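Trainee: Supplied in structure tokens, the structure appears directly below.
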Amino acid sequence: MKITVAKTAGFCFGVKRAMEKVYEQAEHSGGPIYTFGPIIHNEAVVGDLEKRGVHVIETEEELCGLTKGTVIIRSHGVSRHICDEIKAKGLKLVDATCPFVKKIHQIVEERSEEGYTIVIVGSSSHPEVEGIRGWCRGKSVVLKDLREAQNLELDPKERVCVVSQTTFNYKKFQDIVEILEERGYNSIVVNTICNATHERQVEAREVASNVDSMIVIGGKNSSNTQKLYEICRSVCANTYYIQTFEDLQSQNFQSGDSVGITAGASTPNTIIEEVHKNVGIKL
């Protein structure tokens, strides 16, 4: 059996940086440590951090209940007011927001202060998008697909600044931008899809196009992994979405003569290596 592992599979720069920060705090901080939301969408990693004294808080209410300790902002970033709340309470703030996401915060803050309506292409419920909206000083709109772009109604006189969730599908972003341009809005378009995300998506499609079966590894709540699965599934019907090797064993996996493997940005190399090592042996 021929097994091809995508070169871009696994931790991206932003996630790797966030992981290094949180493990550094776990090792050296003397007080309680919290992450605002799970540091990455991987249950095994979050469980390991819990054993090391790093706890997850999910809501602003939980944050308001803290009286001491360190709060780590994950790579997705948060709204401005969350950062302000952490500082106001006298808590230590460790900002592990991905620099690419931080750049979007700066863009939308500056453009919204200039009077632009901010259009964010992405999922409104995703924490990265929620954080981006939280840096807008004025009106903001989120578009997740072509239908929402077609139904968007703005004043023709409005100035519009279009940005994207860093993990959004590049082709879909282009299609949405094309629709907005056809509507004749006075718009500035900033392609804020992370280069690593685009490269990962392109490579995943290429690998999936040349194998009998494709395995996509990542957390069930990982947006970028879900998009990788959609891309691979569009060119390889025999595509499997798993979190661990055990998941693959339960899915009646059919390998064929060749198997491709890719993984989301929050997938540790240990899991990728485990799947690679065992897929041709036990299945």
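Trainee: For region 58-76, which positions are out of contact with any Lys or Arg (no Cβ under 8 Å at 6 or more places or on another chain) and open to solvent by 10 Å² or more (accessible area, probe 1.4 Å)?
Mentor: Result: GLU58, THR59, GLU60, GLU61, GLU62, GLY65, LYS68, ARG74, HIS76.
Trainee: Continuing with this model, one more query. State which residue is most open to solvent (accessible area, probe 1.4 Å) when the search covers only region 132-155 and only residues that are within 18 Å of TYR170 (Cβ to Cβ) and part of a loop (DSSP other than H, G, I, E, B).
Mentor: Top of the filtered list is LYS144.
Trainee: Check LEU49 against each of (1) farther than 19 Å from SER125 by Cβ; (2) outside any loop (DSSP other than H, G, I, E, B); (3) open to solvent by 50 Å² or more (accessible area, probe 1.4 Å) and name the one condition it does not meet.
Mentor: With respect to (1) farther than 19 Å from SER125 by Cβ; (2) outside any loop (DSSP other than H, G, I, E, B); (3) open to solvent by 50 Å² or more (accessible area, probe 1.4 Å), LEU49 is out only on (3).
Trainee: Next question. Which one of these does SER29 not meet: (1) surrounded by fewer than 12 Cβ atoms within 10 Å (Cβ to Cβ); (2) of a type in the set (Gly, Ala, Ser); (3) more than 19 Å from SER266 (Cα to Cα)?
Mentor: SER29 satisfies every listed condition except (1).
Trainee: Within region 253-283, take every residue that is of a type in the set (Asp, Glu) and part of a helix (DSSP H, G or I) and give me the one that is surrounded by the most Cβ atoms within 10 Å (Cβ to Cβ).
Mentor: GLU274
Trainee: Please work out which residue is modelled with the lowest pLDDT, limiting yourself to region 144-171 and to residues that are in contact with a Gly (Cβ under 8 Å, 6 or more places away or on another chain) and closer than 18 Å to SER112 by Cα.
Mentor: PRO156
Trainee: Also, quick follow-up: Could you tell me which numbered condition MET19 fails, if it satisfies all but one of (1) outside any helix (DSSP H, G or I); (2) open to solvent by less than 20 Å² (accessible area, probe 1.4 Å)?
Mentor: Unmet condition: (1).
Trainee: Which of the following residues is within 30 Å of ARG159 (Cβ to Cβ), touching a Cys at 6+ places or on another chain (Cβ under 7 Å) and among the β-branched types (Val, Ile, Thr): ILE82, ILE118, ILE104?
Mentor: The match here is ILE118.
Trainee: Just to be sure before I move on: is VAL129 assigned to a loop (DSSP other than H, G, I, E, B), surrounded by 18 or more Cβ atoms within 10 Å (Cβ to Cβ) and of a type outside the set (Gly, Ala, Ser) in the structure I sent?
Mentor: In short, no.
Trainee: I'd like the full set of residues that are polar (S, T, N, Q) and under 19 Å from the mean Cα position of the chain (by Cα), limited to region 1-49.
Mentor: Within region 1-49, THR8, THR35, ASN42 meet the criteria.
Trainee: For region 77-103, which residues satisfy the criterion of being under 27 Å from ILE193 (Cα atoms), open to solvent by less than 20 Å² (accessible area, probe 1.4 Å) and in a helix (DSSP H, G or I)?
Mentor: Result: ILE82, CYS83, VAL101.
Trainee: Restricting region 188-240 to residues that are part of a loop (DSSP other than H, G, I, E, B) and open to solvent by 60 Å² or more (accessible area, probe 1.4 Å), which is farthest from VAL160 (Cα to Cα)?
Mentor: Of everything passing the filter in region 188-240, ASP212 is farthest from VAL160 (Cα to Cα).
The values are calculated or read from the model by the stated rules, or taken from the named source; none is laboratory data. Keep in mind that what you see is a predicted model, and the values were worked out from it rather than measured. Quick reminder, even Gly has a Cβ in these numbers, built from the backbone with ideal geometry, and neighbours come from all protein chains shown. Surface accessibility is based on the protein's heavy atoms, side chains included, excluding ligands, DNA and RNA. Shrake-Rupley method; radii C 1.70, N 1.55, O 1.52, S 1.80 Å.
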